[in-house]
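Undergrad: Before I ask anything, let me first share the structure, which is written out below as structure tokens.
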Amino acid sequence: MLARELDADLLLINERDGRRAAKNAGVKVKGTIGVISDCIERHVLTVGAAVEILIIFRDNPPEFWIDPKIIDIAIKRIKSETF
């Protein structure tokens, strides 16, 4: 696995099977929604901007696909959390 060969601290990946394989190999993983959440926590993105980005991802699956149910859950959590 390339992430281990490069001794990467983190693998950015959304694909479910790839995430599972990386975790099983002891590689720390984060997906797009996790990166967006980190950006909110670090005040790089506002909650409103993050929600807009997620809505674009949800409504334009040919461009970037994450299960719309997962995106809707993420939007609810982001809106309800205090950053």
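Undergrad: Please give the number of the condition PRO62 fails out of (1) closer than 20 Å to ALA3 by Cα; (2) surrounded by fewer than 11 Cβ atoms within 10 Å (Cβ to Cβ).
TA: Of the numbered conditions (1) closer than 20 Å to ALA3 by Cα; (2) surrounded by fewer than 11 Cβ atoms within 10 Å (Cβ to Cβ), the odd one out for PRO62 is (1).
Undergrad: Then there's this: Looking at (1) surrounded by fewer than 12 Cβ atoms within 10 Å (Cβ to Cβ); (2) not in a helix (DSSP H, G or I), which is the one condition that is false for ALA8?
TA: (1)
Undergrad: Is it the case, given these coordinates, that ILE70 is aliphatic (A, V, I, L, M), over 19 Å from LYS30 (Cα atoms) and either surrounded by 13 or more Cβ atoms within 10 Å (Cβ to Cβ) or touching a residue at least 24 places away in the same chain (Cβ under 8 Å) (or both)?
TA: Values: aliphatic (A, V, I, L, M): yes; over 19 Å from LYS30 (Cα atoms): no; either surrounded by 13 or more Cβ atoms within 10 Å (Cβ to Cβ) or touching a residue at least 24 places away in the same chain (Cβ under 8 Å) (or both): yes.
No.
Undergrad: Now for a separate question. Going through the stretch 21-61 one residue at a time, which ones are in a loop (DSSP other than H, G, I, E, B) and under 25 Å from ASP9 (Cα atoms)? Let's see the steps before the verdict.
TA: The first filter runs over the stretch 21-61 and keeps only residues in a loop (DSSP other than H, G, I, E, B), leaving 25-28, 31, 42-46, 60-61.
The answer is ALA25, GLY26, VAL27, LYS28, GLY31, ARG42, HIS43, VAL44, LEU45.
Undergrad: Output the number of residues of the stretch 62-76 satisfying the condition of being assigned to a helix (DSSP H, G or I) and not β-branched (Val, Ile, Thr). First the steps, then the outcome.
TA: Within the stretch 62-76, the first condition is being assigned to a helix (DSSP H, G or I), and the residues that meet it are 68-76.
Then keep just the ones that are not β-branched (Val, Ile, Thr); that gives 68-69, 72, 74, 76.
Selection size over the stretch 62-76: 5.
We did not get these values from a lab; they are worked out from the coordinates using the rules stated. In this text, all values refer to a predicted model and were calculated from it rather than measured experimentally. Please note: Cβ atoms are built from the backbone with ideal geometry, for glycine as well, and neighbour counts cover all protein chains shown.
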